[in-house]
Each structure stands twice: as C-alpha cells, then as structure tokens.
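**Student:** Before I ask anything, let me first share the structure, which is written out below as structure tokens.
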Amino acid sequence: MKSWVELSGPDYSVGMRLRTPLLFVSGLALTVATVLPVSGVAQSAPATSHDRAPLAAYSLVTSISQAASGLIARVVLPAGVGCPSLDVTIAKNGGSKNVSKKMSERKAGTTTLDAFSTLLVCEAAMPANAVSASVAGRSIPAAMPTEVDRIALFGDSGCRLKGSDVQDCNVPSQWPLARIATSIIREQADVTIFLGDFFYREEACPVANTALCGGSPAPLPGVSFTDSAWGWVADVLTPMGALLSSTPIVVTRGNHEQCSRGGNGFFLMFDPAFGTSTQCAPTSTGAAPMVYSPTWATDLAIKGGRTLRLVNVDSANGSDSTIDDTIAASQRPLFVQAQALAKRADEAWLLTHRPIMGVQSPEVLPVPPGDLSTWNSVTQAYSSYGLLGPFDLTLSSHVHLVQAVQVPGAPSELVLGNGGTMLDPTTSYAIPEYGPLTSATGQPLAPNVGTLPTADYLKTWVRFGYAVATPKRSGWAFELKDPAGSAFAMCRSKDRLIAC
Ligand SMILES: [Fe+2]
Ligand SMILES: [Fe+2]
C-alpha cells in the first residue's frame, strides 16, 4: 500500500504507511503499521505537523547523578521526523528565560533488527530551575515537585496474550488500563510510581480469539525477545500516553521487561538513565542477555517538611518459588546498595517489582501442590535477607492483585499488581503456615541464611485499580481505588506496620 494515511484517536495521532489492518486498543480503533520498516518513508513524503505529533512525551524521574534536576525528558515519535527540541522556561534572577535544548536520539540495538525501526525516541536532561517544559508541542513536567502531597501508584498494566491466557484487549472492563490512566490523571498526583510489567503482548492473538484481541501486534519471528514498537504502542503508549505527560514518573523494571521479553522496548523508552538503550539487544549469537540495572534512588520533598527516599531495585530477573543461586549472586549486591542508600535517609521505601513477601494463590504455582510455599518471590527474599532494616515500606507488584502484608520485624509490604493485566485467581490467600524462605512443609530453603516468621497480617483484594498515597503526620495513608477512581479500601502505614 503506497499512500499515507492519517490516524487519529484521543491520545494518538500519527502518519504511517499502512501494512496491517485495524488494531483495537481499549475501544479505540487504530490503524497500525507493522514493525517492518517501509523503505523510503522519510523521503517519499514531507513530514506534516501531524507526523511530528508525539506518541508519548514524558519526564522520567532519575537519580541526580544522571540529571541535576532529577528528570530526563523523553519523547517517542514516528520514525523519520528528526528529534525535536526540548523547549523550557527557566527561572533566572527573579525573571525567566526561554531555552531550546537539543534532544539526542536514543537508539535500539542493531541486533533488534526492525523491531523498533518505526519509532524515534529522543531525550535530554531536564535543566535545573525549569518552570515549564514542552516537547513537540506537548507539555511535560518541568521539575520535581517541591511539596509532595499525593503519589499515584500502579503496576502490571498490559493486555495479557500468552498461552491460554487471552485477555479481552478490546473491552475496557476487561482490560481497564486506559480507564485507570484517566482516573490517575484526575487525581492530580504530584508524582506517579509505576511498579513494573508494562508489556504483555507476548504472542499473536490466537485465531480462535479474534473477537478478544484481533489485530494485536504480534512479536517478530526469529528474534530472542517478544516486544516491538507496535506492541508498546498498543500496550503502553496509547492507553497511558496522557498519563505519562501529566506527572513526573518513577519507573521500575518488571520481569516482563527481561531482555527475552519486553526489555528492548523498556530500555529504549523507559529505563531512567542515559546510555542504556541497547542493554537488552541480542548478543552476536542472537541470545537475549541477562541484565541487572544498578540500584538508584530519588528523594521526594514531602508536604510538612520531611523527605522520602525512594530506592529502586531491579528485580526483573528471579524465580518466584525457588532460589536461583546464579540470579541471587547478581541480585544481592543490588540490595546491599539499596540498604546503604536507605540507611542515609530518615524515611525510605523500597521499590522493586517482585514482592519480597507477597503471597500468591496456590492455583498459580508452577507445580501443584508439591513442597512449594505460596510466598513470592523466593529469590528476592533470599537476596535481600538481612538488608531491609532501614526500609519503612516495600512497594511491589508482579502478583496480579492488591495485597498488604506484615511479616514481624520486616518492613510492611504493599503489592499493587492490579493495573490492568489479567488478574490472579480470586481465592486462597491464607497466611502460609511457615514464613518466607521456608517450604510448604516447614523446611528451610536456605539453611545458610535463615528463615523469616510467617505474616501476622495479610489482606488481599483481587480487583483492578491503582493506589493514591498521602502523607500523614506520621506515616502514610494508601487509598486503594477501582478503575473509575472510587476508593474500595484504605490502608495506613506507620512505624513499619501496615493495616487496611
Ligand atoms: Fe505481572
Ligand atoms: Fe511480574
């Protein structure tokens, strides 16, 4: 097909040559090009203003070692238009001045072949003292908030297509990510935390399920990963585009962003560091590498004058039900670094995708029922053993539900894995008889390390939504909300204890 066709939707406007039929994203009918490049796109027709409209523009929270402002501005555009400038107004000497800053292209690894060649990703460090910022005509957050009063949190968001798990990507009640994103925007949070697992379109929509997911972008054949430009457009950029522009966003890498899964798109678009875009690219033999991002932290200025340190540990790699010694050897230094960062803070939350102390339904264990305990994730509990003392709270997702857990002596854990992807079973969330690092029959999994006591508090909700955290005189309140924004529960976190 040779003609340019303009596509439009509430969050989406881009010109592309068409190579595939309609894609339906949460009720929006979008015409989608395949991930295969169309030769001569940039040369054959002049770019119009619509062609330059971003698919997403956002400000990623990063460590101050990456950017003094604590933010990296990033934009995702259709390929062929060239990087735009980052247009910023900066406060200076009681006045202000406008600055146009050159953005640099952030390229996918060459061994990803054409998986991302229809996208252009550009970035720049947000200048310090910025008071407003825009890129390609879209406003993005210009600075870290000076007084945080509301934090939005969610995780596990994409539309699940894997094996027998086929989610109805075309019906908002069945895949409610766009509704959740809209509700979070309405919260007017000061910062948003995403807890990992963006990417879920890991297989082609089965022919028998065309009514549910017909037109969903399929992975490329013959590569060692499952994501693609259009997979990310469908799973992330379209449903979350407006949200991404609305607040600074803290991003945690999930296991769906392993290099063998959605890692290439993650490192291209969402890893909050410079120079990391090719980390997940297949090796010279075509294999997906194992990658562990360094632990990093950011400090939030909280209303009332205190400071909250968020410490982000990459737990993309791991094993839910067993100890993987190789992964644990790479994972433990990340927790050692996290401990050091948290020790130097008055108040610290650990952000890590896999729960250190979450409980999953026995129905989702890999081999039922065996001697596996329902604690998740065992490799992370092992790797972090003895290092979590300085943390007040652990925030995770990965298990597709909401769960508040209290293991005596450990920081409270709040699991928020209900951001849109297919939920876990609704039953069987009893407190396990034995604690983390113990088998279902009471055998220590790592006698060289030790075990933890079982929980004295566990509450689980299996329903879609997100959370909003607000600071209290002491500790925090977490409102748990459904996709429409109605609260269905309230949790209080204080003195390393949680109750809902
Ligand atoms: Fe997940
Ligand atoms: Fe996960």
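The values are calculated or read from the model by the stated rules, or taken from the named source; none is laboratory data. Note that the structure is predicted; figures quoted are calculated from it, not measured. Don't worry about glycine lacking a Cβ; one is built from the backbone with ideal geometry, like all the others, and counts go over all protein chains shown.
**Student:** What is the number of the single condition among (1) more than 20 Å from Ser224 (Cβ to Cβ); (2) out of contact with any Leu (no Cβ under 6 Å at 6 or more places or on another chain) that Leu308 does not meet?
**Tutor:** Looking at each condition in turn, Leu308 falls short on (2).
**Student:** Of Gly109, Gly70, Gly82, which residue is of a type in the set (Gly, Ala, Ser), at pLDDT 95 or above and under 30 Å from Gly286 (Cα atoms)?
**Tutor:** One residue alone meets the criteria, Gly109.
**Student:** Within segment 163-266, considering only helices (runs of 4 or more DSSP H) that don't extend past its boundaries, which have at least 1 residues that are away from ligand 1 (no atom under 16 Å from the Cβ), in contact (Cβ under 8 Å) with a residue 60 or more places away in the chain and of a type in the set (Val, Ile, Thr)?
**Tutor:** In segment 163-266, the matching helices (runs of 4 or more DSSP H) lie at 177-187, 238-246.
**Student:** Search segment 453-465 for residues that are at positive phi and pair each with any residue that is β-branched (Val, Ile, Thr) when their beta-carbon atoms are under 9 Å apart and the residues are at least 6 apart or on different chains.
**Tutor:** Cβ pairs passing all conditions: Gly465/Ile180; Gly465/Val402.
**Student:** Here are some residues: Gly435, Gly485, Gly420. Which one is assigned to a loop (DSSP other than H, G, I, E, B) and either in contact with a strand residue (DSSP E or B) (Cβ under 7 Å, 6 or more places away or on another chain) or within 18 Å of Gly358 (Cα to Cα) (or both)?
**Tutor:** Gly435
**Student:** Right, Ser277: under 24 Å from Glu202 (Cβ atoms), of a type in the set (Ser, Thr, Tyr) and away from ligand 2 (no atom under 16 Å from the Cβ) or not?
**Tutor:** Yes: the conditions hold for Ser277.
**Student:** Select, from Gly386, Gly409, the only residue that is away from ligand 2 (no atom under 16 Å from the Cβ), farther than 17 Å from Val336 by Cα and not in a strand (DSSP E or B).
**Tutor:** Gly409
**Student:** In segment 411-454, what count of residues is obtained for those that are in contact with a Lys or Arg (Cβ under 8 Å, 6 or more places away or on another chain) and either under 19 Å from Tyr382 (Cβ atoms) or among the basic types (Lys, Arg) (or both)?
**Tutor:** 1
**Student:** Tell me, which residue of segment 178-208 that is basic (Lys, Arg) and surrounded by fewer than 23 Cβ atoms within 10 Å (Cβ to Cβ) is farthest from ligand 2 (Cβ to nearest atom)?
**Tutor:** Per the stated criteria, the residue is Arg186.
**Student:** If I ask for residues that are within 16 Å of ligand 1 (Cβ to nearest atom) and over 16 Å from the mean Cα position of the chain (by Cα), which ones from segment 267-294 would you list?
**Tutor:** none
**Student:** Sticking with this structure for a sec: Please indicate, with yes or no, whether at least one residue in segment 102-124 is more than 16 Å from ligand 1 (Cβ to nearest atom), in a strand (DSSP E or B), aliphatic (A, V, I, L, M) and closer than 23 Å to Leu310 by Cα.
**Tutor:** Yes: one or more hits.
**Student:** Another question, then. When the residues of segment 127-162 are filtered to those that are hydrophobic (A, V, I, L, M, F, W, C) and part of a loop (DSSP other than H, G, I, E, B), which remaining residue is nearest to ligand 2 (Cβ to nearest atom)?
**Tutor:** Among those that are hydrophobic (A, V, I, L, M, F, W, C) and part of a loop (DSSP other than H, G, I, E, B), it is Cys159.
**Student:** Please state which one of Thr307, Thr326, Thr352, Thr322 is surrounded by fewer than 20 Cβ atoms within 10 Å (Cβ to Cβ), among the hydroxyl-bearing types (Ser, Thr, Tyr) and either at pLDDT below 95 or closer than 18 Å to Asp156 by Cβ (or both).
**Tutor:** The match here is Thr322.
**Student:** Can you tell which of Val405, Val364, Val415, Val378 is within 16 Å of ligand 1 (Cβ to nearest atom) and closer than 21 Å to Asn312 by Cα?
**Tutor:** Just one listed residue meets the conditions, Val415.
**Student:** While we're looking at this one, here's another question. Going by the conditions given, is Val131 in contact with a Ser or Thr (Cβ under 8 Å, 6 or more places away or on another chain), of a type outside the set (Phe, Trp, Tyr) and in contact (Cβ under 8 Å) with a residue 24 or more places away in the chain?
**Tutor:** The answer is yes for Val131.
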